[in-house]
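The values are calculated or read from the model by the stated rules, or taken from the named source; none is laboratory data. As the structure is a prediction and not an experimental result, all values here were calculated from the model. Backbone-built Cβ (ideal geometry, glycine too); neighbour counts: all protein chains shown.
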Amino acid sequence: MEAFGRIDVLINNAGEESPYEISQYPFDEFFNMEPDEYISFFKVHTLGHYLMMQEVINQYMREAGFGRIVNVASETGLDEAYSSPAYSSSKSAAICQTKSFAKKYGKYNITVNSIAPGVINTPMRASTLSEDLTSVTKMTPMGRVTEPMDVARLAMFLSQEHLFVSGQNIIIDGGSTA
């Protein structure tokens, strides 16, 4: 606020990865995960988004009559095929929460959308086995996993001033869920 005098865009991009590799599925995480471990996903993926949106909307965007919010979720929030129940359900909650905020704050010219990437090639994935990434790449029609720049470009698109899109979840996975 000191540097620019206003906040126009919020991108909620914090994340916590499941400690299990793709090659470990299916496994019995339904009964082996500790409650604190389960809840930690919701604290990061859902509560974290909520608290940031609450602060930015109430303190800055609503009064200004403008705002663009992009929440980074996951394609596993739509289909739990390659994820833990805690991870996927927290991402699903983030998608539903996005729609709720979009309905509530649209009248203030605030758009709220979510992005649902597939596997992203980031340092967070450094421990992922190369055969797991190869497997995901083979299942993706565009022949690669999602890169951080793919997500950044979509976030920038959803942040533009005259965009008439709100309450939407856009999957970004090279067509693997098509």
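Name the single residue that is modelled with the lowest pLDDT among those in the stretch 37-92 being among the basic types (Lys, Arg) and within 14 Å of the chain's Cα centre (by Cα). In this case the residue turns out to be LYS91. Please determine, by comparing only the residues of the stretch 1-32 that are over 28 Å from GLN54 (Cβ atoms) and surrounded by 17 or more Cβ atoms within 10 Å (Cβ to Cβ), which one is modelled with the highest pLDDT. The residue in question is GLU29.
Which of the residues spanning the stretch 40-88 are assigned to a helix (DSSP H, G or I), aliphatic (A, V, I, L, M) and touching a residue at least 24 places away in the same chain (Cβ under 8 Å)? Residues satisfying the conditions are VAL44, MET52, MET53, VAL56, ILE57, MET61, ALA64, ALA86. Within the stretch 140-162, take every residue that is in a loop (DSSP other than H, G, I, E, B) and in contact with a strand residue (DSSP E or B) (Cβ under 9 Å, 6 or more places away or on another chain) and give me the one that is surrounded by the most Cβ atoms within 10 Å (Cβ to Cβ). Residue satisfying both the conditions and the ranking: VAL145.
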